[in-house]
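Let me begin by presenting the structure, written as structure tokens, before commenting on it.
Just so it is clear, none of the values below were taken in a lab; they were calculated from the coordinates. Note that the structure is a prediction, hence the values are computed from the model and not measured. In this analysis, Cβ positions are derived from the backbone assuming ideal geometry, glycine residues included, and neighbour counts consider all displayed protein chains.
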Amino acid sequence: MELLVLAVDPGRSKCGLAVVGADSGVLTRAVVPKDRLGEMVQKFAGSFSPAVIIVGGGTGGRDAKTVIESLPVGPPVKTVDERFTSLNARVRFFKENPPRGLRRLIPTTLQVPSVPYDDYVAVLLAERYIAEHGKS
């Protein structure tokens with residue numbers, strides 16, 4: 001049976017969410033306002049039945065974990081290290097969404113994505129968790 005992970009990248013005003021399978025890859029992802037975190041975690045958990053919910057331990061991590069643990073969802077909730085994920089997520093964002101027009105002449109290391117990319121951080125958290133804990 002495939003390991004499915006629901007990952008949450010908490011922030012001050014918005015959160016990134018992603019459901020990632022060890023074999024199937026990214027199944028869904030979203031950036032949601034912080035006040036809709038509980039609702040979206042319930043929706044994703046109900047649709048995908050993840051084995052675990054992981055929450056980044058950085059900004060807002062404690063509050064997000066409290067919100068998620070109060071939900072009637074079921075899988076265990078674990079806090080994970082999220083060091084360097086924002087930087088790596090920006091690299092991945094630009095790889096999948098290369099700049100266009102004149103922006104393509106500016107190195108992506110000097111650019112900030114024009115849209116929130118917290119969902120990419122959540123994907124990286126999930127992939128890191130799967131790599132550390134095996135596929136099953």
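The Cα atoms of the stretch 80-120 define a convex hull whose projected area, averaged across directions, is 3.0 nm².
Structure remark: mean-square fluctuation, Gaussian network model of the chain, C-alpha springs under 10 Å; the largest value among Leu87, Leu37, Leu105 belongs to Leu105.
Within a straight-line Cα-Cα reach of under 22 Å, Lys14 can be paired with the following lysines, leaving aside sequence neighbours fewer than 8 residues apart in one chain: Lys34, Lys43, Lys65, Lys78. A Förster radius of 22 Å combined with the Cβ-Cβ distance from Lys43 to Lys95 puts the calculated FRET efficiency at roughly 0.20. For the chain, with a Gaussian network of springs between Cα atoms less than 10 Å apart, report the residue from Arg104, Arg12, Arg62 with the top mean-square fluctuation. Looking only at Arg104, Arg12, Arg62, the largest GNM fluctuation is found for Arg104. The residues packed around Ala7, meaning those with a beta-carbon under 12 Å from its beta-carbon, carry a net charge of -2 if Lys and Arg are +1 and Asp and Glu are -1. Of all the options Arg29, Arg103, Arg83, the one that moves most in a Gaussian network model of the chain with Cα springs shorter than 10 angstrom is Arg103.
Each Lys and Arg adds +1 at its Cβ and each Asp and Glu adds -1 at its Cβ; summed about the Cα centre, the stretch 11-136 shows a dipole of about 460 debye. Note on Glu2 and His133: the model spin-label points, each 7 Å out from Cα along the C-beta direction, lie 1.7 nm apart. Positive end of the dipole of the chain, charges at C-beta (+1 Lys, Arg; -1 Asp, Glu), about the Cα centre: which of Val77, Phe44, Leu110 has its Cα farthest in that direction? It is Leu110. Using only alpha carbon pairs under 8 Å that are at least six residues apart, calculate the relative contact order of the chain and give it in whole percent. It comes to 33 percent, rounded to a whole number. Each principal axis of the Cα atoms in the stretch 1-103 has its own extent, and those three values, largest first, are 48, 33, 23 angstrom. Considering only Val19, Val121, His133, the residue lying farthest towards the positive end of the dipole of the chain is Val121, judged by Cα position with unit charges set on Cβ. Label sites at Glu69 and Arg36, each approximated as a point 7 angstrom past Cα along Cα to Cβ, lie 2.6 nm apart.
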